[in-house]
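Chemist: Take this structure first; my questions come after.
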Amino acid sequence: MNSLRRVLPLAHQNPNLWTGIRAFSSSDSSSLRKSVASLLDSLSLKQGQTLVQNCGDSDVGKIVIELAKERKLQTISIIDDRPGTPETIEELKALGGDLVVPESYTKTWYMKRLVSEMSPAAGINFSDGYQATAVGKALVDGGTLVSYSKKLPKHVVYDGAARRAIEWDTFAKEKKLKVLNL
């Protein structure tokens, strides 16, 4: 984590520093793989810990799954609800994904139960909108959320009438999240 903090000020001075990770459609997959490996190293996750990500079915999401499997990390990957979701889930599980869920599943009490059992310490956000919120909600208190060139939502919305929407900053402060925008 400290190495990422040292690099973060440099990223603001040199926007090209993080282009390897930001270039999701990069044709140079080995460069992207190295960038994702560097990110996982900087998160300092130990074997058995859990990482949650959205856009798990993207090229970079698949690389995260493969590298996490090599490092013996557990993964929760959130994907879009769309036709072919069951096939996508099976494909990602074959790559080494431990838990692959569609976005709609993240709004259920089943997800809350799974998250409480797996306790994700780090999250990676590759998407705007609700999936960013789903990653944040899944993290344990004090977890780390890394967001790549995506705007985090202004509010965190809770389904049902029990809780009102709260501002993202308030949500992050209550959960003691370390939020890094790259």
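Chemist: For a quick check of your reading of the model, give me the residue pairs whose first member lies in the range 128-146 and is within 17 Å of I166 (Cβ to Cβ), whose second is among the acidic types (D, E) and open to solvent by 10 Å² or more (accessible area, probe 1.4 Å), with beta-carbon atoms closer than 9 Å and at least 6 apart or on different chains.
Modeler: Listed pairs, sorted by first residue: Y130/E103; A134/E103; D141/E174.
Chemist: Give just the number: which of (1) of a type outside the set (D, E); (2) open to solvent by 70 Å² or more (accessible area, probe 1.4 Å); (3) touching a Lys or Arg at 6+ places or on another chain (Cβ under 6 Å) does T144 not satisfy?
Modeler: Of (1) of a type outside the set (D, E); (2) open to solvent by 70 Å² or more (accessible area, probe 1.4 Å); (3) touching a Lys or Arg at 6+ places or on another chain (Cβ under 6 Å), only one is false for T144: (2).
Chemist: Can you tell me which residue is nearest to L73 (Cα to Cα) among those in the range 114-130 that are assigned to a helix (DSSP H, G or I) and hydroxyl-bearing (S, T, Y)?
Modeler: S116
Chemist: So the check is Cβ under 8 Å with 6+ separation or different chains; which pairs have a first residue in the range 26-45 that's closer than 18 Å to I124 by Cα and a second one that's among the acidic types (D, E) and open to solvent by 70 Å² or more (accessible area, probe 1.4 Å)?
Modeler: As it stands, the answer is L32/D59, since those pairs meet every condition given.
Chemist: Of all residues in the range 42-79, count the ones that are within 16 Å of K93 (Cβ to Cβ), part of a loop (DSSP other than H, G, I, E, B) and of a type in the set (A, V, I, L, M).
Modeler: Number of matching residues: 1.
Chemist: Any residue that is under 16 Å from D57 (Cα atoms), open to solvent by 10 Å² or more (accessible area, probe 1.4 Å) and touching a residue at least 60 places away in the same chain (Cβ under 8 Å) - is there at least one of those in the range 101-124?
Modeler: Within the range 101-124, none of the residues are under 16 Å from D57 (Cα atoms), open to solvent by 10 Å² or more (accessible area, probe 1.4 Å) and touching a residue at least 60 places away in the same chain (Cβ under 8 Å).
The values are calculated or read from the model by the stated rules, or taken from the named source; none is laboratory data. Quick caveat: nothing in here was measured; it's all calculated off a predicted structure. Don't worry about glycine lacking a Cβ; one is built from the backbone with ideal geometry, like all the others, and counts go over all protein chains shown. Just so you know, the surface numbers come from the protein's heavy atoms only, side chains and all, with ligands and any DNA or RNA stripped out. Shrake-Rupley method; radii C 1.70, N 1.55, O 1.52, S 1.80 Å.
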